[in-house]
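Okay, so here's the structure we're looking at.
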Amino acid sequence: MYAERVLSGMRPTGRLHLGHYHGVLKNWVKLQAEYPCLFFVADWHALTTAYDSPQIIADSVWEMLVDWLAAGVDPQKATFFIQSRVPAHAELHLLMSMFCPLGWLERVPTYKDQQEKLEHKDLSTYGFLGYPLLMSADILLYRADKVPVGEDQLPHVEFTREIARRFNHLYGREPGFEDNAKEAMKKLGAKNARLYAELRTRFQQEGDNAAREQGRVLIEDAKSLGHVDRERLHGYLEGTGKMVLVEPGALLTEAPRMPGLDGQKMSKSYGNTIFLREEADSISKKIRTMQTDPARVRRTDPGDPDKCPVWQFHLIYSDDGVRAWVQDGCRSAGIGCLECKQPVIDAILKEQAVMRERAQPYVENPALLRRIMAEGCERASELAEETMRDVRAAMGLSYS
Ligand code: TRP
Ligand code: SF4
């Protein structure tokens with residue numbers, strides 16, 4: 001069976017912090033072992049909101065790549081690239097803008113939310129409105145099956161599915177589709193081809209959904225089929241034609257909520273972050289001075305871990321033994337807050353030491369970074385070109 005493809009992107013907006021590590025990068029590391037993955041720097045996305053501060057983008061791109069590598073995302077396993085270096089993202093975005101209803105964009109929940117949240121900025125721009133469509137182009141260009149995202153991005157993946165459906169509805173059927181589908185059927189082997197034909201009839205003539213489901217399984221289980229024939233047979237089964245674009249599914253990242261030093265969500269705009277590869281002294285100092293239960297004014301006052309951001313860190317970094325020690329010691333005033341923080345400091349420094357070590361070769365030799373990106377961009381361009389050939393043909397733009 002062909003392996004499902006995973007794609008995700010990140011905006012280059014400055015240094016990454018522990019929130020990115022625990023919320024996103026650790027998940028990428030896990031996924032790269034299970035699927036072919038594409039991870040990209042969404043530099044055009046950064047411009048949709050930061051069009052007036054382009055200077056941070058180029059610097060952040062290379063720093064961000066070092067952080068990815070430091071976290072253990074591996075260019076031997078996954079493909080890394082930069083969005084703007086694969087211009088097909090722009091081409092697909094433009095082509096889809098022809099049939100993307102304005103109302104769909106206006107109704108994406110982040111559109112009004114972000115405008116209100118970032119009200120110091122004028123976001124009544126064409127690019128900002130179209131940002132979900134650009135994200136759709138990112139995903140559909142690679143026929144990605146799975147898109148790991150946080151909760152805030154789920155509506156964008158749903159939007160992408162709707163765009164793919166609309167595209168396939170408008171342009172889905174390739175020329176000569178029936179003949180191609182019948183050829184593909186032969187690759188199922190005589191027995192399965194007969195079964196497939198029967199299931200198709202039962203679904204299309206009698207609306208038998210169980211038959212459709214059985215047909216889908218049959219197609220997915222057929223090891224002899226390539227990606228394109230598989231799509232054809234799905235389309236022929238359902239009566240829709242070959243799907244030029246593949247509807248992606250979201251993979252909701254179930255990450256522990258990484259609190260900032262003040263207990264709010266860790267975010268650069270709150271100034272409550274610990275950066276990846278931050279100096280050890282600076283990290284120790286930040287944690288030693290971070291907030292604790294406000295009721296614990298003196299060492300002799302008992303405290304409540306549920307009211308203390310340090311406890312949130314223990315939930316991420318400490319084992320059951322340490323957690324029990326914190327619970328008892330805090331509530332009985334048996335331990336002091338500095339004492340309580342020490343295991344967290346140790347755990348973070350240990351985690352960071354590994355990251356620093358992984359990053360070292362790239363910090364010393366930035367040419368390595370350029371090479372990783374050049375190779376990744378080339379590979380991504382090839383994949384993108386496969387899709388664009390079909391898209392151009394479907395939209396009447398292939399000339400010979
Ligand atoms: N929109 C995402 C963000 O702001 C980044 C992104 C752009 C993305 N294109 C994507 C994520 C495609 C997943 C897939 O965080
Ligand atoms: Fe927080 Fe630990 Fe101090 Fe309790 S002892 S208030 S959990 S830092």
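Qualifying chymotrypsin sites (Phe, Trp or Tyr not before Pro) in region 183-262, where qualification requires a DSSP coil assignment and no more than 11 other C-beta atoms within 10 Å, are lacking entirely. Straight Cα distances below 13 angstrom link LYS182 to the aspartates and glutamates ASP229, GLU231, with same-chain residues fewer than 8 positions distant left out.
Would you mind getting the Kirkwood hydrodynamic radius of region 177-238 from its Cα pairs, rounded to one decimal in Å?
On the way: mean 1/r = 0.0892 Å⁻¹.
Computed over Cα pairs of region 177-238, the Kirkwood hydrodynamic radius comes out at 11.2 Å.
Reported value for region 277-364: 83 Å³ per residue, from the convex hull of its C-alpha atoms. If you wrap region 338-384 in the convex hull of its Cα atoms and look at it from every side, the mean projected area works out to 5.1 nm². Within region 211-257, the GluC sites (Glu not before Pro) that combine a DSSP coil assignment with at most 13 other C-beta atoms in a 10 angstrom radius are GLU254. Spin-label model, VAL297/ARG371: points 7 Å from Cα along the beta carbon direction are separated by 6.2 nm. For region 1-96, report the translational diffusion coefficient in µm²/s to the nearest whole number, using Stokes-Einstein at 10 °C, 1.306 mPa s, and a Kirkwood Rh over Cα pairs. Estimated via Stokes-Einstein, D reaches 112 µm²/s. Dipole of the chain computed with +1 at Lys/Arg Cβ and -1 at Asp/Glu Cβ about the Cα centre; of ILE274, VAL246, SER60, farthest Cα towards the positive end is VAL246. Under 24 Å of direct C-alpha separation, and excluding same-chain neighbours fewer than eight residues apart, LYS26 reaches these lysines: LYS77, LYS146, LYS265, LYS268, LYS286, LYS341, LYS350.
What number, rounded to the nearest 500 deg cm²/dmol, is the helix-based mean residue ellipticity at 222 nm of the chain, given -39500 (n - 2.57) per DSSP H run of at least four residues and division by all its residues?
On the way: 18 runs with 229 residues, N = 400.
Taken over the chain, the calculation gives -18000 deg cm²/dmol.
So if R0 is 45 Å, what FRET efficiency would THR201 and LYS30 give, r being the distance between their Cβ atoms, rounded to the nearest 0.05? The pair THR201/LYS30 has a calculated efficiency of 0.60.
Contact order, relative form, for the chain: 22 percent (alpha carbon pairs under 8 Å, 6 or more residues apart, mean separation divided by residue count).
For the chain, count the residues as N, evaluate 2.2 N^0.38 Å, and divide the Cα radius of gyration by that value, please.
Numbers: Rg = 25.3 Å, N = 400, 2.2 N^0.38 = 21.4 Å.
Scaled against compact globular proteins, the figure is 1.18.
When each of the peptides 110-122, 67-79 is scored by how many other beta carbons lie within 10 Å of its residues on average, the order from highest to lowest is 67-79, 110-122.
How many Å³ per residue does the convex hull of the Cα positions in region 217-321 occupy?
Details: hull volume 25.6 nm³, N = 105.
Looking at region 217-321, the number lands at 244 Å³ per residue.
None of the figures in this text is laboratory data; all of them are computed from the coordinates on show. Quick caveat, the model's predicted, so the values are computed rather than measured. Positions of Cβ are generated from backbone atoms using ideal geometry, with glycine treated the same way; all protein chains shown enter the neighbour counts.
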